[in-house]
Amino acid sequence: MSQDVISCEYHAAKARWNVVRMMRASGAGHLGGALSCIDIVTALYFRTMKNDPANPTDPARDRFVLSAGHKGMSQYGVLAEAGYFPIEELDTYGQLGSHIPGHPDMHKLPGIEANTGALGHGLSISLGMALGARLSGGASRVFTVLGDGELPEGSNWEAFAAAAHHRVDNLIAIIDDNGLQISGKTADVMGLEPIEDHLRAFGWSVRVIDGNDMEQVISTLDQVPFEEGKPSAIVAHTVKGKGISFAENQVGYHYWKPKGDELERAEAELEAQIAAKQQELVGILGNTAGNNAVLGGVAPPAAAPGIASAQTGERVGAVALLLELSQGKA
Ligand SMILES: Cc1ncc(C[n+]2csc(CCOP(=O)(O)OP(=O)(O)O)c2C)c(N)n1
Ligand SMILES: [Mg+2]
């Protein structure tokens with residue numbers, strides 16, 4: 001397994017831990033869908049996309065739109081891990097005035113490109129961004145994550161058709177195909193399987209992968225656009241609630257209100273995953289200060305897992321931007 005894969009797995013494990021930190025702070029949230037797509041979101045920020053936490057409004061950046069906005073904790077967990085905002089901000093999740101509300105708000109947090117949560121809008125927004133980049137002569141690509149249960153929203157299909165018609169090959173749609181949605185199996189509520197056939201019929205170039213297998217996620221994202229002149233789609237088979245054993249594939253954990261010792265059990269499981277990845281990384285690289293810097297803050301194995309993050313002095317820029325957003329200046 002390559003160092004890049006393990007490094008992304010490590011950051012994904014820590015991002016999952018961040019999700020549980022938000023749950024601990026707020027007492028409730030959309031857990032299942034956040035955990036199914038978080039490996040993909042991690043790979044996008046830590047490997048695929050041109051992005052810089054210290055300069056989140058760089059016009060040349062690639063864009064990420066979380067169309068299924070209820071999965072927002074995935075993006076917050078990854079942005080915090082990448083150093084877009086101070087990690088302590090996670091403890092304000094869902095509170096009045098927080099920069100990280102229940103659904104992403106571009107006016108409140110650096111790194112959020114669009115307000116989402118009403119399903120079915122993100123792909124159209126992303127298409128507009130991708131066309132805008134083309135018109136302005138930029139090289140930016142736009143990545144968007146949709147849920148399988150989101151796909152029946154009719155507006156998606158206008159965007160799928162328009163993107164192919166206009167040959168928008170800097171647009172990449174990733175379907176977090178976890179087979180479940182809010183009220184049950186997607187196949188029972190409004191099934192579109194096999195999703196890849198629909199997308200191909202609409203003129204997209206499509207790959208089907210295991211979206212919780214970091215090696216597949218990375219190697220597939222490395223290949224976009226799959227075909228010149230065609231938008232790219234990845235149908236990512238995932239597990240809702242991935243990473244917390246008792247939440248996996250359980251529709252009841254779409255929205256989680258932790259009870260009993262669930263939080264402690266979730267944290268213990270994720271801390272074991274973080275520690276295991278940390279050991280793998282240290283095994284490859286050696287536990288030196290230089291290597292820690294390259295990896296964005298790998299804590300020595302003796303340190304408490306889950307606490308160290310990629311946060312560096314660069315976050316000062318993000319803090320300043322947060323302040324401006326609060327004051328309505330940015
Ligand atoms: C327009 C719109 N209709 C309904 C909802 C309510 N809703 C929130 S999450 C969800 C399920 C979405 O399923 P999926 O896209 O598969 O996401 P997952 O539950 O797997 O995270 C629904 C219907 C919404 N947010 N927006
Ligand atoms: Mg789903």
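Checking the stated criteria, Ala130 turns out not to satisfy the condition of being touching a residue at least 40 places away in the same chain (Cβ under 8 Å), over 19 Å from Gly33 (Cβ atoms) and touching a Pro at 6+ places or on another chain (Cβ under 7 Å).
Within region 199-217, residues that are at pLDDT 95 or above reach partners that are assigned to a strand (DSSP E or B) and among the hydroxyl-bearing types (Ser, Thr, Tyr) with beta carbons closer than 6 Å, at six or more positions or on different chains, in the pairs Ser205/Ser232.
Of the residues making up region 1-60, those that are acidic (Asp, Glu) and either within 16 Å of ligand 2 (Cβ to nearest atom) or surrounded by fewer than 20 Cβ atoms within 10 Å (Cβ to Cβ) (or both) are Asp4, Asp39, Asp52, Asp58. Of all residues in region 161-191, those satisfying the criterion of being within 15 Å of ligand 2 (Cβ to nearest atom) and over 23 Å from the mean Cα position of the chain (by Cα) are Ala187, Asp188, Val189, Met190, Gly191. Take the conditions within 15 Å of ligand 1 (Cβ to nearest atom), on the phi < 0 side of the Ramachandran plot, crowded, with 18+ Cβ neighbours inside 10 Å and touching a residue at least 40 places away in the same chain (Cβ under 8 Å) and apply them to Ile175. Does it pass? Judged against the criteria, Ile175 is a match. Only one of the numbered conditions (1) closer than 25 Å to Asp39 by Cβ; (2) of a type outside the set (Asp, Glu); (3) in contact (Cβ under 8 Å) with a residue 24 or more places away in the chain; (4) surrounded by fewer than 20 Cβ atoms within 10 Å (Cβ to Cβ) is not met by Gly138, and that is (1). Per the conditions (1) closer than 26 Å to Asp222 by Cβ; (2) in contact with a Pro (Cβ under 8 Å, 6 or more places away or on another chain), the sole criterion not satisfied by Ser2 is (2).
Do we have any residue at all in region 222-235 that's within 16 Å of ligand 2 (Cβ to nearest atom), more than 18 Å from Val41 (Cβ to Cβ) and touching a strand residue (DSSP E or B) at 6+ places or on another chain (Cβ under 9 Å)? So far as region 222-235 goes, no, none of its residues is within 16 Å of ligand 2 (Cβ to nearest atom), more than 18 Å from Val41 (Cβ to Cβ) and touching a strand residue (DSSP E or B) at 6+ places or on another chain (Cβ under 9 Å).
Quick one: would you say Leu109 is buried (at least 20 other Cβ atoms within 10 Å of the Cβ) and farther than 27 Å from Gln223 by Cα? Criteria met by Leu109. Residues being within 16 Å of ligand 2 (Cβ to nearest atom) and within 12 Å of Arg63 (Cβ to Cβ) are entirely absent from region 128-138. Might you let me know whether region 142-158 holds any residue that is closer than 15 Å to Cys37 by Cα, under 18 Å from the mean Cα position of the chain (by Cα), more than 9 Å from ligand 1 (Cβ to nearest atom) and polar (S, T, N, Q)? The answer is yes; a qualifying residue exists.
Going through Leu127, Leu192, Leu123, Leu221 one at a time, which residue ends up being within 15 Å of ligand 1 (Cβ to nearest atom), hydrophobic (A, V, I, L, M, F, W, C) and under 24 Å from Gln75 (Cα atoms)?
On the way: Leu127 fails: within 15 Å of ligand 1 (Cβ to nearest atom); Leu192 fails: under 24 Å from Gln75 (Cα atoms); Leu221 fails: within 15 Å of ligand 1 (Cβ to nearest atom).
Within the list Leu127, Leu192, Leu123, Leu221, the selection yields Leu123.
For region 168-181, the criterion of being over 30 Å from Asp52 (Cβ atoms) and polar (S, T, N, Q) is met by at least one residue.
Taken as a whole, the condition of being crowded, with 22+ Cβ neighbours inside 10 Å and without any contact (Cβ under 8 Å) to a residue 40 or more places away in the chain does not apply to Tyr84.
The values are calculated or read from the model by the stated rules, or taken from the named source; none is laboratory data. Only a predicted model underlies this, so the values are computations on that prediction, with no experimental measurement involved. Don't worry about glycine lacking a Cβ; one is built from the backbone with ideal geometry, like all the others, and counts go over all protein chains shown.
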